[in-house]
Every structure is written in C-alpha cells, then in structure tokens.
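Peer 1: Just dropping this structure here.
The values are calculated or read from the model by the stated rules, or taken from the named source; none is laboratory data. Since this is a predicted model, take the numbers as computed values, not measurements. For neighbour counting, all protein chains shown are included, and Cβ atoms are generated from backbone atoms with ideal geometry for every residue, glycine included. Quick note on the areas: whole protein, heavy atoms, side chains included, nothing else; ligands and nucleic acids left out. Shrake-Rupley method; radii C 1.70, N 1.55, O 1.52, S 1.80 Å.
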Amino acid sequence: MVYPPLPTRLTNDEYFSSSTFRIFHQHIEEQVDLHWHEFYEISFVVSGEGYNIVNGVPMTIARGNLFLLTPADFHIIGPSRGNSLEIYNLIFSDEWMEPQMRELLFHNPVELSAVMTESMTPDLIACFSLIMKESASQLSGRRLMVGSALNRILIELLRACEAEAG
C-alpha cells in the first residue's frame with residue numbers, strides 16, 4: 001500500500017529566534033504542500049486568486065480573504081492556475097493570544113475565515129505594514145505596537161465572521 005507523504009511540521013524553534021512572532025509579505029507562485037504549525041498563523045490576501053485547504057476542506061481565496069490558523073490546523077495553500085497570491089502572513093506564538101482574545105475567538109465554533117470588505121482592505125494592509133515595520137525596529141514600545149495591531153486584525157476578523165454567519 002502506498003501512503004501519502006506526512007505533513008510537514010513547522011516548529012517554533014525553526015521560525016522564532018529572538019522574537020515570538022514573524023511577519024512575511026510574500027508572493028506564492030506554487031502550492032505550499034500540506035503542513036501544520038506549532039504556532040498561530042494569520043494571513044491576508046492582498047491580490048491574486050488561489051485555494052486554501054484547511055483540515056481537508058477546500059476554499060477559494062482571493063483579495064480580501066483573511067484567515068486564522070491554529071496549532072491544531074493542517075493546510076495546503078496555493079495559487080490557481082496562471083495566478084500568484086500576494087499575502088501578508090503573520091505567525092505568532094501562544095503568548096500573543098491574550099485570554100480575553102482567546103475567549104472572543106474560540107467561544108463559538110465559527111470558522112475564522114472571512115472575506116473582508118474592500119473599504120477595510122487599506123486598514124488591514126496598514127496594520128500588517130505596521131507590524132512589519134515594528135518587527136524590523138528596536139524602538140521602545142515595539143511589543144505594544146505589534147500586539148495592538150494584531151489585536152485589531154483579530155477583532156476585525158471576528159466581526160467579519162460573525163457578520164457572515166448572520
């Protein structure tokens with residue numbers, strides 16, 4: 001019997017050194033095979049079209065998609081044929097998830113993935129850009145700035161998910 005390859009495990013030790021978060025602004029040109037993380041991951045699609053298969057459930061993604069993956073999620077992400085995906089991808093350890101935020105996000109079994117309104121897109125890009133800028137600095141208050149921007153993104157995601165659920 002031939003078994004499919006096991007998913008790749010992305011560990012804290014591999015991705016975090018002096019900090020417990022990292023941010024990437026990237027273009028995905030080809031599929032990122034099945035993997036899971038020991039950390040949280042929040043992604044925002046800036047442009048392009050593609051797919052995200054989370055825990056075996058496929059979803060089409062495009063500009064405006066915002067989604068949160070937990071350490072319990074397995075996923076595959078990639079562009080649709082002839083496309084690429086431009087995304088912000090923020091990974092962070094459990095310590096960034098404040099108890100009150102955890103309660104807000106996980107008290108109901110709502111899927112933490114939504115299509116954000118076009119009017120919200122510039123604000124989200126600004127939040128991710130701020131985190132990117134702060135991650136490259138050693139300025140005082142860096143952790144507070146990153147935490148505030150992350151909390152804003154998470155709350156906007158939650159509100160959009162609640163609105164989509166009706």
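Peer 1: Before we move on, is Gly56 over 12 Å from the mean Cα position of the chain (by Cα), of a type outside the set (D, E, K, R) and buried (at least 18 other Cβ atoms within 10 Å of the Cβ)?
Peer 2: For Gly56, the condition - over 12 Å from the mean Cα position of the chain (by Cα), of a type outside the set (D, E, K, R) and buried (at least 18 other Cβ atoms within 10 Å of the Cβ) - is not met.
Peer 1: Of everything in region 1-30 that's part of a loop (DSSP other than H, G, I, E, B) and of a type in the set (Phe, Trp, Tyr), which residue is modelled with the lowest pLDDT? Reasoning before the result, please.
Peer 2: Applying the first criterion (part of a loop (DSSP other than H, G, I, E, B)) to region 1-30 yields 1-7, 11, 16-20, 29-30.
From what's left, of a type in the set (Phe, Trp, Tyr): 3, 16.
On the way: Tyr3: 64, Phe16: 80.
Ranking the qualifying residues of region 1-30, first place goes to Tyr3.
Peer 1: Follow-up question, since we're still on this one. Within region 95-104, is even one residue without any contact (Cβ under 8 Å) to a residue 12 or more places away in the chain, open to solvent by less than 60 Å² (accessible area, probe 1.4 Å) and touching a helix residue (DSSP H, G or I) at 6+ places or on another chain (Cβ under 7 Å)?
Peer 2: no
Peer 1: Can you say whether Arg9 is open to solvent by 60 Å² or more (accessible area, probe 1.4 Å), in contact with a Ser or Thr (Cβ under 8 Å, 6 or more places away or on another chain) and among the charged types (D, E, K, R), as far as the supplied structure shows?
Peer 2: No: the conditions fail for Arg9.
Peer 1: Same structure, new question: On the basis of being open to solvent by 80 Å² or more (accessible area, probe 1.4 Å), more than 18 Å from Val46 (Cβ to Cβ) and touching a residue at least 60 places away in the same chain (Cβ under 8 Å), does Glu111 make the cut? Can you show your working first?
Peer 2: Details: open to solvent by 80 Å² or more (accessible area, probe 1.4 Å): yes; more than 18 Å from Val46 (Cβ to Cβ): yes; touching a residue at least 60 places away in the same chain (Cβ under 8 Å): no.
Spelling it out, it is not the case that Glu111 is open to solvent by 80 Å² or more (accessible area, probe 1.4 Å), more than 18 Å from Val46 (Cβ to Cβ) and touching a residue at least 60 places away in the same chain (Cβ under 8 Å).
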